Amino acid sequence: MGGDSLSCGPSTSLSPFPSSPAMDRRVSRRTEILTNHLLRRAPPTSSVLHPHRCLSYSPPELSNEFAFDAREMRRLMDGHNLEDRDWLFSVIVQSALFNRRERAGRIFVCPNYNQSMEQQREATLKRIEYLVKRGVFRGWLTGEAPEEELRKLALNEVLGMYDHSLAVKLGVHFFLWGGAVKFLGTKRHHDKWLSATENYDMKGCFAMSELGHGSNVRGIETITTYDSNTGEFVINTPCESGQKYWIGGAANHATHTIVFSQLNINGSNQGVHAFIAQIRDSDGNICPNIRIADCGHKTGLNGVDNGRIWFDNVKIPRENLLNSVADVSPTGEYLSAIKNVDQRFAAFLAPLTTGRITIGVSAIYMSKISLAIAIRYALTRRAFSITPNGPEVLLLDYPSHQRRLIPLLAKVYAMSFSANDLKMMYVKRTPESNKAIHIISSAYKATFTWNNMRTLQECREACGGQGVKSENRVGHFMGEFDVQSTFEGDNNVLMQQISKALFAEYVACQKQNKPFSGLGLEHMNKPLPIIPSHVTSPVIRSSEFQIDLFHLREWDLLRRFAEEVSEYQSRGESKESAFILSYQLAEDLGRAFSERAILKTFMQAESTLPAGSLKNVLGLLRSLYAVISVDEDATFLRYGYLSTEDASAVRKEVPKLCAELRPHALALVSSFGIPDAFLSPIAYNWVDSNSWSSQL
């Protein structure tokens with residue numbers, strides 16, 4: 001062991017070395033150690049090794065007082081349906097189906113990632129069936145009131161906090177399949193499918209992406225034609241690049257799918273439309289003329305059975321066209337009240353908006369879990385002493401550790417207010433607000449999911465080696481949630497779409513000489529903000545200075561983007577080519593739009609509160625969100641919104657704000673309202689949970 005040979009038994013002439021009392025003692029000691037190890041006995045205490053007192057765990061609650069009402073802060077953060085959330089937390093924690101386990105006297109729930117891919121998929125299915133029986137999904141599709149939609153969103157957030165695979169499989173079934181039937185279908189589809197979907201009597205999936213086309217949905221290659229002789233549509237996969245790919249639920253469990261396909265009527269392509277097709281019977285047998293293959297093992301989400309689908313002359317009834325946007329008569333006449341092809345296409349993508357909202361909000365909650373774990377650990381874990389024979393220092397008392405975690409905490413608070421604002425816009429939506437919801441949800445989905453991955457990485461590192469253990473969740477989350485930057489719209493593509501929409505608003509207002517209205521752009525109707533020079537700490541912390549600076553950045557970047565696109569067009573480039581060539585400004589503008597919207601909603605939430613400790617802490621968080629956003633974006637210096645001296649002053653404010661928020665760190669993560677069982681052992685007594693006795 002350890003590079004040395006191990007002698008067993010007395011020395012004999014076979015040994016090249018003579019025996020000695022010291023060697024005999026070493027052999028006896030090694031034998032004792034091996035015996036204890038093999039018999040799983042604790043080693044005897046030694047009176048020799050007592051130069052230092054052993055480390056012990058001290059709950060952070062003993063030394064960190066709460067200066068504000070954490071329950072009230074949670075109400076602000078969650079925004080709605082707190083009792084429903086807590087009910088579902090309890091349902092999960094109390095059921096053995098959710099892999100309950102005990103560590104150091106606490107119960108934790110987390111999927112068993114040691115299971116095979118097949119086992120994880122079956123576990124996900126069993127959990128869904130159990131949740132159906134508990135009434136979790138009541139009203140998810142048949143409910144119409146905003147209150148029912150908010151309940152659905154709240155419960156979906158809780159499920160995602162337990163397991164991303166569970167949330168994604170449910171999201172495909174309810175939000176994508178169910179949402180398509182509800183929003184793109186009409187009464188005949190609603191009557192036939194919505195209750196069956198809500199009760200999980202059938203299992204739906206959503207076949208949009210293809211091997212050759214993901215973000216570019218317009219280019220999908222699946223073809224559907226209409227046979228007026230039989231009154232049927234015929235769906236075909238014309239080539240290998242047209243196979244449906246990454247279809248959640250398709251590999252094992254889904255019985256039906258929404259097929260997005262080019263619709264060809266009498267030789268004329270009418271663009272992308274949505275159809276219902278059955279892919280399995282009730283016994284799970286794949287239907288005729290359907291081929292399905294598994295996408296295989298993934299870096300995360302292995303509880304979701306992603307599959308690939310080929311259609312070989314699959315015939316479906318004419319009534320299976322989701323016809324709220326367009327229809328085909330029995331004789332084969334194409335009918336649509338929306339004559340504009342682009343508007344028709346946009347209408348067919350409506351179900352994706354819900355998905356972007358739920359993905360973005362899910363990213364915030366995963367950031368909350370990882371920050372709660374990392375900050376609680378940093379409030380009890382010590383490293384190095386700074387005085388001779390002095391105590392080791394708590395990780396969160398190091399300014400560098402504060403700088404790693406507390407700005408991310410401020411961002412999560414800021415984004416929580418924005419997420420709640422977006423959800424309220426969504427549940428109260430009108431035809432007039434749909435465009436704004438689409439743009440804002442795209443911006444937030446990209447911003448929140450990118451921030452989540454950065455947060456997970458920082459929290460994983462901040463937990464050291466413990467962050468790598470799957471039971472401590474944070475490290476494993478990185479593989480589970482990385483895909484959020486890709487599905488429901490690649491983040492970089494979404495940011496460019498946002499800039500295109502802002503460009504269109506800018507050009508329309510310029511041409512028609514009308515004021516900006518909507519999307520928070522009303523500030524562009526006012527004179528450019530004047531940023532003071534030689535800014536001081538009180539100025540930097542003022543909400544007026546912060547929003548003026550964010551307005552200036554957005555205003556100027558939109559102008560620069562419009563001018564650059566126009567310049568490329570004047571050189572003979574097409575409009576689309578000009579957008580592509582202006583991608584750097586497009587990405588900067590998308591970021592500016594998103595961060596300004598987030599800051600604005602934070603300020604609005606803060607303004608509703610009475611003076612007191614809660615408002616004071618939120619003011620610190622809002623200032624930290626603003627200054628860290630400025631410090632991390634080079635455009636403020638690149639385009640002269642701040643001088644180098646003022647940028648330096650802003651940067652120096654970051655550690656000051658971190659230090660002022662340090663005493664509130666425990667209260668701030670406790671305000672997330674996340675049950676102990678949804679965190680991890682290192683968030684609590686990490687000494688006992690790793691003790692020898694806990695392994696027995």
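The values are calculated or read from the model by the stated rules, or taken from the named source; none is laboratory data. What you see is a predicted model; the values in this text were computed from it and never measured. Methodologically, a virtual Cβ is constructed for each residue, glycine included, from the backbone with ideal geometry; neighbour enumeration extends over all protein chains shown. In case anyone asks, the SASA skips ligands and DNA or RNA and just uses the protein heavy atoms, side chains included. Shrake-Rupley method; radii C 1.70, N 1.55, O 1.52, S 1.80 Å.
Assorted remarks:
- Amide H partners (placed H, <5 Å) of Cys205, local residues excluded: His256, Thr257, Ile258
- Members of Lys298/Lys500; Lys126/Lys411; Lys182/Lys423; Lys182/Lys411; Lys152/Lys368 lying beyond 29 Å, as alpha-carbon distances in this model show: Lys298/Lys500; Lys126/Lys411; Lys182/Lys411
- The spacing between segment 244-307 and segment 642-694, judged by their C-alpha centroids, is 44 Å.
- Calculated accessible area for segment 42-163 comes out at 55 Å² per residue, all protein chains present (probe 1.4 Å; ligands, DNA, RNA ignored).
- Trypsin sites (Lys or Arg not before Pro) restricted to segment 306-384 and DSSP loop, no more than 11 other C-beta within 10 Å: Lys339
- Accessible area per residue for segment 248-287, computed on protein heavy atoms with a 1.4 Å probe, is 33 Å².
- Note on the chain: with neighbouring protein chains present and a 1.4 Å probe, carbon and sulfur make up 53 percent of its accessible heavy-atom surface.
- Per residue, segment 617-661 exposes an accessible area of 35 Å² to a 1.4 Å probe, with every protein chain left in place.
- Converting phi to 3J(HN,Hα) with the Karplus coefficients 6.51, -1.76 and 1.60 and the offset θ = phi - 60°, segment 584-592 yields 5, 5, 4, 5, 4, 5, x, 5, 4 Hz in sequence order, with x at every glycine or proline.
- Shown in residue order for segment 98-106 are the 3J(HN,Hα) couplings computed by the Karplus curve 6.51 cos²θ - 1.76 cosθ + 1.60 at θ = phi - 60°: 9, 6, 5, 8, 10, 9, 6, x, 10 Hz (x for Gly and Pro).
- Net charge over other residues, Cβ less than 12 angstrom from the Cβ of Ile107 (K, R count +1; D, E count -1): +2
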